[in-house]
Amino acid sequence: MKDHRAGCEVGKARVGQSRWFVQSFTVIIDRHRESMHKTTWDGEAISPRPPFGASIVVYRKATVGLEFLILHRAHEGPGFEGDWAWTPPAGARFPEEDLRECALRELKEEVGLELEVRRTNLGTREWAVFMAEAHTDSRVEVNPEHDRFEWMDRAKATEHCRPESVAMQIDGVADALSGSK
């Protein structure tokens, strides 16, 4: 069993095991907070202040109805179907970067699109959600972080996107576009 106390700076004067646990846990949480949100997977600095990034739910009005642009992440291989396998374009915000500029940059970097983005109220304090309409003839070019993309209807997109918080972004945009909710 791994010793979770390794590296914890806990004082020697302890009153019982429970106090040691509380002190150790506090140190671990504080260290985790300090290390969170410093860099992206590829080493780029991330804003130290929230929101730390943005998702952009891209949709188009096709002849069959609304379709949503969903990207498959390449890092786990083409057969990967778990949490975070399929998502809308998204990424981290750089330090001092304007949130809207972050969304525009991520859209251009991940799929080669330059679209007007609109912030939604679907995000959280830590992560913003934008929406953008693409034309049916828009050309999508995924970056090496992704191995493919698909335009999916709402049901298929929300089925593919996990965890639930990602699927809820698509549902929220679909609801806003249909005037419901």
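Quick look at the values:
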quantity	calculated
Test for Leu107: is it surrounded by 19 or more Cβ atoms within 10 Å (Cβ to Cβ) and part of a loop (DSSP other than H, G, I, E, B)	no
Residue that is surrounded by the fewest Cβ atoms within 10 Å (Cβ to Cβ) [pool: residues in the stretch 43-73 that are in a loop (DSSP other than H, G, I, E, B), under 15 Å from the mean Cα position of the chain (by Cα) and not aromatic (Phe, Trp, Tyr)]	Pro50
Residue in the stretch 105-119 that is under 18 Å from Pro163 (Cα atoms) and without any contact (Cβ under 8 Å) to a residue 40 or more places away in the chain present	no
Matching residues, the stretch 123-181, being touching a Gly at 6+ places or on another chain (Cβ under 6 Å) and free of Cβ contacts under 8 Å to residues at least 40 places away in the same chain	Glu141
Any hit, the stretch 81-93, residues being β-branched (Val, Ile, Thr), closer than 18 Å to Met168 by Cα and modelled with pLDDT of 95 or more	yes
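The values are calculated or read from the model by the stated rules, or taken from the named source; none is laboratory data. What you see is a predicted model; the values in this text were computed from it and never measured. Ideal geometry is used to build each Cβ from the backbone, glycine not excepted, and the neighbour counts take in all protein chains shown.
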